[in-house]
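The values are calculated or read from the model by the stated rules, or taken from the named source; none is laboratory data. All figures in this text were calculated on a predicted structure; none of them were measured in a lab. Quick reminder, even Gly has a Cβ in these numbers, built from the backbone with ideal geometry, and neighbours come from all protein chains shown.
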Amino acid sequence: MSDSTNRSVSRFADLKQLYAEAVATPEFQAAFGDPMPLSIVEPGDPPGEHDMPEPLAAQADCGGIVATIFDLFTGTRLEPLAAEIAWGFVNSFHFVAGKLERREDTLAEEIGEMARAPDMSEVFTSTLEEKQLLCQSTAEQREALECMRDYAAEMYRALSGWPWSPARGTRASSASSASQIAAQDFLRERTLAARERHLPQGPLVVFSGPAQWHDWQPIWERLDQIRVRVPHMTLVTTGQRKGADAIAAAWAARPEVSVPLVAYGLYGSGRKVAFTCNRKLVELKPVEAVLCEGSGLQANLYQLLRQAGIPIHAFKKAEQAADSVVVRPGAGWRARRAPA
């Protein structure tokens, strides 16, 4: 048993440290525990030695704020608003992390342009090194905020019962001088890291259903069965924050499941946007699909998946998933009842 569990608490200020020691995770240690020796806090500032928040304090305060919102509102007339307020808190981390990522991308493009047109002058080398340090510093800030966002999102899920999701977007030469080689190595590493964050590997399972759907248990059971067959699956939904998509997202977010989720939302305007999205979902070449009968959108996706020969687990709307079917190529919504 750790010393923290045996220690007596003599004052309220000790609670934060005690709580942090009890729940500290490796993610916070990685994001906050080993900062770069030199960093640039703001563009235009000189490099300097700047501390990061303590990992334990960062985690304790991040989770504590979300928990406090629910504790404060529970049992009062404000209780229905707790989840909405907590959602906004998590989203603030996501919003700022997104701004940092765009700044990081711009800096990376500038570094790439400089590395492709080298100038052997001292001023060029100094500028390139400073720009690279700024990009690395920005990446460090982004990773810290993403760590806090993910932890706050997990607290939100535990307290609200639903996974947090953002309103938009996806819960990533031999003739050169030493600094130019370092810059190109840095860009290569950054590209690989971004690919891993934004394009999770593994077979894809597509999910789609209407915004009005309440029977969650059969859907969870069917997704559990698919995950047994496809343990490294990535779940792709149409990104709605309620109904069938929200049920599937809640399943993927459970700690014992922890399946990567890609919200393939509708972007653009016009009547054909949804059907274009369906076509792109099929072009992802999923290994299986789960469909809840709904509008013409689901019917169209159903037909496209059948034509592509992708096995479909279909839940009929009339029984709210009580009568589910497994559809093989050539079958229809009235296919045989799925095995238990």
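A few points about this structure:
- Enumeration of residues in region 199-255 that are among the small types (Gly, Ala, Ser), crowded, with 18+ Cβ neighbours inside 10 Å and farther than 22 Å from residue 161 by Cβ: 208
- In the set (1) among the β-branched types (Val, Ile, Thr); (2) closer than 20 Å to residue 193 by Cα; (3) over 26 Å from the mean Cα position of the chain (by Cα), residue 40 fails one condition alone, (2).
- Enumeration of residues in region 32-56 that are modelled with pLDDT of 90 or more, small (Gly, Ala, Ser) and surrounded by 12 or more Cβ atoms within 10 Å (Cβ to Cβ): 39
- Hits in region 214-268 - residues which are on the phi > 0 side of the Ramachandran plot, touching a Gly at 6+ places or on another chain (Cβ under 9 Å) and either assigned to a loop (DSSP other than H, G, I, E, B) or modelled with pLDDT of 90 or more (or both): 239
- Residue within region 129-136 that is surrounded by fewer than 18 Cβ atoms within 10 Å (Cβ to Cβ), assigned by TED's automatic domain parsing to the domain that holds residue 34 and among the charged types (D, E, K, R) present: yes
- Selected residue (criterion: nearest to residue 43 (Cα to Cα)) from residues of region 114-123 that are assigned to a helix (DSSP H, G or I) and either at pLDDT below 85 or touching a Lys or Arg at 6+ places or on another chain (Cβ under 8 Å) (or both): 114
- Odd one out for residue 321, checked against (1) modelled with pLDDT of 55 or more; (2) closer than 28 Å to residue 165 by Cα; (3) surrounded by 17 or more Cβ atoms within 10 Å (Cβ to Cβ): (1)
- Cβ separations smaller than 9 Å between residues 6+ apart or across chains give the following pairs from region 36-59 residues that are closer than 16 Å to residue 147 by Cβ and charged (D, E, K, R) to residues that are modelled with pLDDT of 90 or more and not in a loop (DSSP other than H, G, I, E, B): 54/32.
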